[in-house]
1. Do you know which residues across segment 196-222 are touching a strand residue (DSSP E or B) at 6+ places or on another chain (Cβ under 9 Å) and either at pLDDT below 95 or buried (at least 21 other Cβ atoms within 10 Å of the Cβ) (or both)?
2. Return the residues of segment 232-265 that are loosely packed, with under 12 Cβ neighbours inside 10 Å and either under 25 Å from residue 206 (Cα atoms) or not assigned by TED's automatic domain parsing to the domain that holds residue 219 (or both); say none if nothing qualifies.
3. Give segment 172-194 a look and list any residue that's touching a helix residue (DSSP H, G or I) at 6+ places or on another chain (Cβ under 8 Å), surrounded by 21 or more Cβ atoms within 10 Å (Cβ to Cβ) and not in a loop (DSSP other than H, G, I, E, B), or say none.
4. Out of 274, 310, which single residue is touching a residue at least 24 places away in the same chain (Cβ under 8 Å) and either assigned by TED's automatic domain parsing to the domain that holds residue 222 or not in a strand (DSSP E or B) (or both)?
5. Tell me, which residue of segment 230-248 that is free of Cβ contacts under 8 Å to residues at least 40 places away in the same chain, in contact with a helix residue (DSSP H, G or I) (Cβ under 8 Å, 6 or more places away or on another chain) and not in a helix (DSSP H, G or I) is nearest to residue 48 (Cα to Cα)?
6. Find the residue count for segment 149-159, including only residues that are out of contact with any helix residue (DSSP H, G or I) (no Cβ under 7 Å at 6 or more places or on another chain) and either at positive phi or surrounded by fewer than 20 Cβ atoms within 10 Å (Cβ to Cβ) (or both).
7. Being farther than 30 Å from residue 315 by Cα and either within 16 Å of the chain's Cα centre (by Cα) or in a helix (DSSP H, G or I) (or both) is the filter here; which residues of segment 90-124 pass it?
8. Given segment 6-86, what strands (runs of 3 or more DSSP E) lie entirely inside it while holding 3 or more residues that are assigned by TED's automatic domain parsing to the domain that holds residue 375 and at pLDDT 90 or above?
């Protein structure tokens, strides 16, 4: 139901640690926003949910536990949460209905967090009040993988304009230095970028490592995750290592991938958290052939189980994998296959990297992520100047339609 009357008093709180691209500034007492709205494409219960949705859920749940009134406004389907969830329609149609649903069913907030993952909501054109923009990764190269030329070009222009021009008066939260650098390359003022890393849960007791070679890939089965490339490399690796390649996750690419899979490949689809934990513990290596990531959350999840990763030297994975220490970052397909074989054949190197990965992962917990994000939220509210009219960030790129 719409909320009326005077704004809810904000929460007073001492400053919390934050990660920024600029030197630390003298801190003053902060004022925390009480009512926070996340505007995101999906709820975590959506079959297409991934790392972005997990991050939003952990932030929303953590902030709720700290006394904030949190609402997630997203496309359906949705599930019950410890915080309020409001559906604005279907997966794509909700982009057009977001403003009307916000006004009708939410009414107002102390802070609006727009989760910008490709298609923007253009909230600076219609929302009055403090805002943040949360960015997992910039989709520059990915538009061409998902859409034909003209549509991909339009998508790139709209996303770049939305991040650099439409959000020019707001702070932007990046999940990794790679994402922060990509935003800077678009022209975003680096003084407005804050880095808040993903966290992980503290794992339950470790279960047994597989005595036979077991390699694991986890993620949505979509183009940019490049599981097809992994399947091709498996044909070169399997004669050397033997064993099984287990693929966890689902998505639009699954049928095509299953058709091209050779011997020793097992598609698990979605698995429970318990089974995922057991697979991460049992695996000799986590394989992550993605073309780009914001962070690569599953890399840190594997690290908490002492499992090193092999990936490509791409944005996001450069931040979550310390090359040669907690895993290997390959520069090409042949070096990926070579690293895969070399680590599979050396239990000593795998063990050493796994221990280093586990030590590194101890720095990343969801409690720290929530604390860092909460500090940036307070900064955004403190820096906001009351405005009587929505911002006018300049002309929308040709061919794009403002969501009014």
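The values are calculated or read from the model by the stated rules, or taken from the named source; none is laboratory data. Just so we're clear, the structure is a prediction, and the values are computed from it rather than from any experiment. Glycine gets a Cβ as well: all are built from the backbone with ideal geometry, and neighbour counts include every protein chain shown.
1. 196, 215, 216, 217, 218, 219, 221
2. Within segment 232-265, just 242 meets the criteria.
3. 172, 173, 174, 178, 180, 183, 193, 194
4. Details: 274 fails: touching a residue at least 24 places away in the same chain (Cβ under 8 Å).
The match here is 310.
5. Checked segment 230-248; the qualifying residue nearest to residue 48 (Cα to Cα) is 248.
6. Filtering segment 149-159 down to residues out of contact with any helix residue (DSSP H, G or I) (no Cβ under 7 Å at 6 or more places or on another chain) leaves 149-151, 153-154, 157-159.
The next check asks that each one be either at positive phi or surrounded by fewer than 20 Cβ atoms within 10 Å (Cβ to Cβ) (or both); those that pass are 149-151, 153-154, 157.
Total satisfying the criteria: 6.
7. 96, 97, 98, 99, 100, 101, 102, 103, 104, 105, 106
8. Numbers: elements: 11-13, 30-32, 35-42, 69-75.
Those strands (runs of 3 or more DSSP E) span 35-42, 69-75.
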